[in-house]
Structure formats: C-alpha cells, structure tokens
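Remarks on the structure that follows.
The values are calculated or read from the model by the stated rules, or taken from the named source; none is laboratory data. All figures in this text were calculated on a predicted structure; none of them were measured in a lab. For neighbour counting, all protein chains shown are included, and Cβ atoms are generated from backbone atoms with ideal geometry for every residue, glycine included.
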Amino acid sequence: MLIKNAFLSDGTPADVWVYEGSIRAIGQNLTIGDPEVIDAAGRTLLPGFVDLHCHWRTPGFEYKEDIATGSRAAAAGGYTFVNLMPNTKPVCSSAEQARAVMDKAREVGLCGANQTVSITENFDGHSVARLLELPDDIKFITEDGKGVQSSEVMARAFAICREKGITLMSHAEDMDISPWDYRLAENIETVRNLHLCEYYGTRLHMCHVSTKEAILAISEAKARGVNVTCEVTPHHLWFHDLDYKVNPPIRAAEDVAALVQAIKSGYVDAIATDHAPHSAEDKANGMAGMVGSETAFGVCYTKLCLQEGLPLPLLENLMSRMPAAILGLEKKGEIRPGFDADLVLVDLEHPWTVDAANLHSKSRNTPFDGVQLYGRVCLTVCGGKVTHRDL
Ligand SMILES: [Zn+2]
C-alpha cells in the first residue's frame, strides 16, 4: 500500500509505503512497484492511536458492547490498539480470561488489544496472593471502576508488582468518601497511591485524572522522580459543570484549566478515552460513563490544538507515542520505517458534527451528540490493513 500526498503532524509532506504489515519507507514522490495507492489528498497522517483505558464489556455485558463492535468503534476513531479494563462479568482476574479476550480481538482483526487483570480477586478488595502466580505476559493490573480501599492491601499489591515488573493502574476513588464528595475521594486516593508508589518504587499509572488537586499532586511527584505516569480523558478536557453521570465526574472550569496547563507543561503522559458503553436503559438507571473511542481525536484536536494552541505533534505524543511506550509496544506509536503499519488519516480542515445515531459502538451514551468538532478520522490502517475508511 502506498499512501500518497499526506502531511505528517509537523507539516512535512510525505508518502508512506506499507508492506507486509510494516512501514517500509517515508519520503516524497515514492514510486514502488504496483501497490494499492491511497490518495491522502493533503490530509494529515498520524500514527494509529493507542487507548490506555477502554471497556469492551466482554464477557458478561455484551449487550452494551462486544469485541467486534468495540473494535469497530476503535477503528472508526483512529485507534489501532486498546488496553481493556477488567470490570467484566466475571471480573477478569486470571491470565486465562485475559488471553481469551485477546484471542478474540485478534480474530476480529480490527484493533490490537491488551486485557488487564484485576488487582484483587473478583474485586473482593483483599485477595492479592494470586498476583504472585500471574504469568510474565500480564503486565498491567487495575481495579478500574473502583479503588482498592484498604491501604494495606494496596501496599501488598505494590510489593508484589515490584517483584514481578507489573504496572498498577489506579482508578483513584475512596469509596467511603465518594458518595458525599467525589473530589475529596479522588484527591485522597491519588495521594495515597503516589506515596505507595514512591515507597515501593513500583510503576504506577493514574487513570482519568480530573481534579486540579490530583494533577498537581502527580506533577509534584513526577518532579521529584516518582515512577508515575498519568492520563486524562477528552471529556474531562472538554466539559465542565455538566450534569452527565461519569466517574470521575465532570469537574469545574478551574479543573479543566489545570489539566490543560499540565498538558502544556508536559506532566500528562497520555489521553485515554475511558470508552464506557451503556445501554439506554442502564444509562437511565444511573450507570456512569460514556462512549469515547469515536470522538476522542476530534475533541482533543478542537480543544487542545485549535482552542489552546497545542502543537499537533504534542497531541500525537499524547494519543500515540506515549501510550504505546507506557504499554511497552516497541513498534507502535510512531510513523517510522520498521514500525508496525498502524496509521490514521485525519481531515483537519472541515468541521463535522457528532451524531450518536451513526456511531459504530453498540451503545449511544455520549454527551457529545450534536457537538461540532474539527479533526475527522478518514482512514485507519492497522497492521497494514484498512480497518476504517471514510474518505
Ligand atoms: Zn475508572
């Protein structure tokens, strides 16, 4: 495949030659054999996006999303790899269950996937001994959807992860406090986990950071060398004071400003969607979360690049290069010869309007319905194969 007449994120004109799943050459006016030619027509080519935080609801909640529809939604959003959360039914507490999901994702073939495993067994809040027996290919554990409430249990998990080279991902929520003050709940558990990370020297990743206090605590920890990374979501950057149920909640304007400032200062490692599909009925019954795969780039490009002046290569870092590095995906996240042919072509010129009815996800729960954005995904290539085309 030869993608012609594209621009890279820094504005360099480029053709990109893809062969047998890899990027083989980048240059101008490339002519190679008789490839399938895709005319980018001056649009911008980025490395496929990597989502550190995604819910495909398999097993147990396939009526909200399944691996096929989740993959389809990811591809439509320009994603070529996602990191899946374990709050399924049953909870993903074993390597066997994780591998079954990853095998199925490979079979669907539209988007790469890593399935994380829970910190405590079946989210029971205390059993961490089985972490000692996890095989070496399980590198990420998380209790996403809730926090581990006991500091002692979390400390034991950190100690085991240090021995095994596992990264803990933290959904920071003190669940005794969140019913009456979710801001305090996030702030307390963020600071606790930063201290545990520093104490054990174990790598920690803070999910969906949403308050100015939490991002400040993380920034200070990073500045003194703590082994922590963090992500923010598109919806916590776009909305403030919006009554739409999501955990952590939509915050205040000053929190959004603090997150944007932290991005500009280089304290935020990644944008992650927290793609959380729910049926209309579940949503009406108060389930938290929104779908996000298909709106993430448009939201971030419009907010961060157009409104806040962030250079596009920095957004590319947040959506591709850094999340790939955090996941240890050595040949992903950059457009470079020898790297996997995971690519996304985006139209930065023409506005488009989000229409929830046209999403590829099985669920429609999004407060972005009707919002006008720039940065439309026109083509996604994953492993050299076109997985989404809307040229
Ligand atoms: Zn979460």
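Details
- Annotation note: of V256, V246, the sole residue that is crowded, with 17+ Cβ neighbours inside 10 Å and within 14 Å of the ligand (Cβ to nearest atom) is V246.
- Taken over segment 108-142, the criterion of being charged (D, E, K, R) and either outside any helix (DSSP H, G or I) or in contact (Cβ under 8 Å) with a residue 12 or more places away in the chain (or both) is satisfied by E121, D124, R130, D136, D137, K139.
- Scoring D347 on the criteria (1) exposed (fewer than 15 other Cβ atoms within 10 Å of the Cβ); (2) closer than 15 Å to L373 by Cβ leaves a single failure, condition (1).
- The set of residues in segment 323-338 that are more than 13 Å from the chain's Cα centre (by Cα) and among the hydrophobic types (A, V, I, L, M, F, W, C) comprises L329, I335.
- Checking the stated criteria, T233 turns out to be touching a His at 6+ places or on another chain (Cβ under 7 Å) and closer than 21 Å to V256 by Cα.
- From I3, I32, residue being more than 24 Å from P234 (Cα to Cα) and part of a strand (DSSP E or B): I3
- Which listed residue is assigned by TED's automatic domain parsing to the domain that holds T211, touching a Lys or Arg at 6+ places or on another chain (Cβ under 6 Å) and buried (at least 19 other Cβ atoms within 10 Å of the Cβ), from T142, T167, T116: T167
- Among the residues making up segment 41-57, those that are assigned to a loop (DSSP other than H, G, I, E, B) and either within 16 Å of the ligand (Cβ to nearest atom) or crowded, with 24+ Cβ neighbours inside 10 Å (or both) are G48, H55, W56, R57.
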